[in-house]
Amino acid sequence: MYKKILCLSFAVFLLSTTLSFAEEKVKFKKEDIIYSITVNKDFEAVVGEVRDAIIDRNFKITRENEISKGMTERGAEMFSYKIIEFCNLTLCGDMLKKEPDMGAFMPTGITIYAKGKQTVLVTKRMSSMLNAFENTKVRQEVEKIDKEVFEIMEAVK
């Protein structure tokens, strides 16, 4: 009987610590998974400067999603909102050779939207995804992509 109680107690303890760990792991701060800056510039000016910075850093724009245009065409009111997706085949290729599943987070992109008289730029922190992958060899490439994207955003300040 003593062994059964001890085993049951251990199982309950193990289950409670596992559940507690799982709950803690889910708690993210927004800043942990996205990088954001706000600038005192016109939306269209920022979009143009971001395009230029992307091209200057040897990335290729693969798509521009005109979210606000699509919304207004459907009769909905929407503030200016655009997503610019881009890629550097060398950087991305090096990363994907080491961890093909990182492609789920590609292409990288910058979301740009008007917030009153200011413009906000937001992107995902690819490095925040690294904990989901066992392959740590890809860290250098992911951190380099993050750095490049953040510098593109900072170029519009």
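The values are calculated or read from the model by the stated rules, or taken from the named source; none is laboratory data. Just so it is clear, the model here is predicted, and its values are computed rather than measured. Virtual Cβ from ideal backbone geometry, glycine too; neighbours counted across all protein chains shown.
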Given (1) assigned to a helix (DSSP H, G or I); (2) farther than 28 Å from Thr136 by Cα; (3) hydrophobic (A, V, I, L, M, F, W, C), index of the condition Leu91 fails: (2)
Checking Lys97 against (1) part of a helix (DSSP H, G or I); (2) within 19 Å of Asp146 (Cα to Cα); (3) in contact (Cβ under 8 Å) with a residue 24 or more places away in the chain, the condition it does not meet: (3)
Just a yes or no: is a residue in segment 15-28 at negative phi, modelled with pLDDT of 90 or more, of a type in the set (Lys, Arg) and outside any helix (DSSP H, G or I)? no
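Here's a check for you: in segment 100-154, which residue that is free of Cβ contacts under 8 Å to residues at least 60 places away in the same chain, of a type in the set (Ser, Thr, Tyr) and assigned to a helix (DSSP H, G or I) is farthest from Asp42 (Cα to Cα)?
First pass over segment 100-154, keeping only residues free of Cβ contacts under 8 Å to residues at least 60 places away in the same chain: 100-109, 111, 116, 126-127, 129-145, 147.
Imposing the further condition that a residue be of a type in the set (Ser, Thr, Tyr) reduces the set to 108, 111, 127, 136.
Pick out the ones that are also assigned to a helix (DSSP H, G or I) and you get 127, 136.
Details: Ser127: 30, Thr136: 40 Å.
The selected residue is Thr136.
Looking only at residues in segment 107-132 that are exposed (fewer than 13 other Cβ atoms within 10 Å of the Cβ) and modelled with pLDDT of 90 or more, which one is nearest to Cys87 (Cα to Cα)?
Ranking the qualifying residues of segment 107-132, first place goes to Lys115.
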Can Met78 be described as crowded, with 18+ Cβ neighbours inside 10 Å and at negative phi? no
Which number in (1) modelled with pLDDT of 90 or more; (2) out of contact with any Cys (no Cβ under 7 Å at 6 or more places or on another chain) marks the one condition that Asp101 misses? (1)
Selection count, segment 58-84, where residues are in contact (Cβ under 8 Å) with a residue 40 or more places away in the chain and assigned to a loop (DSSP other than H, G, I, E, B): 1
Answer yes or no: is there a residue in segment 133-148 that is hydrophobic (A, V, I, L, M, F, W, C), surrounded by 17 or more Cβ atoms within 10 Å (Cβ to Cβ) and farther than 23 Å from Ile83 by Cα. yes
Of the conditions (1) at pLDDT 90 or above; (2) among the aromatic types (Phe, Trp, Tyr); (3) within 23 Å of Lys30 (Cα to Cα), Phe59 satisfies every one except a single condition; which number is it? (3)
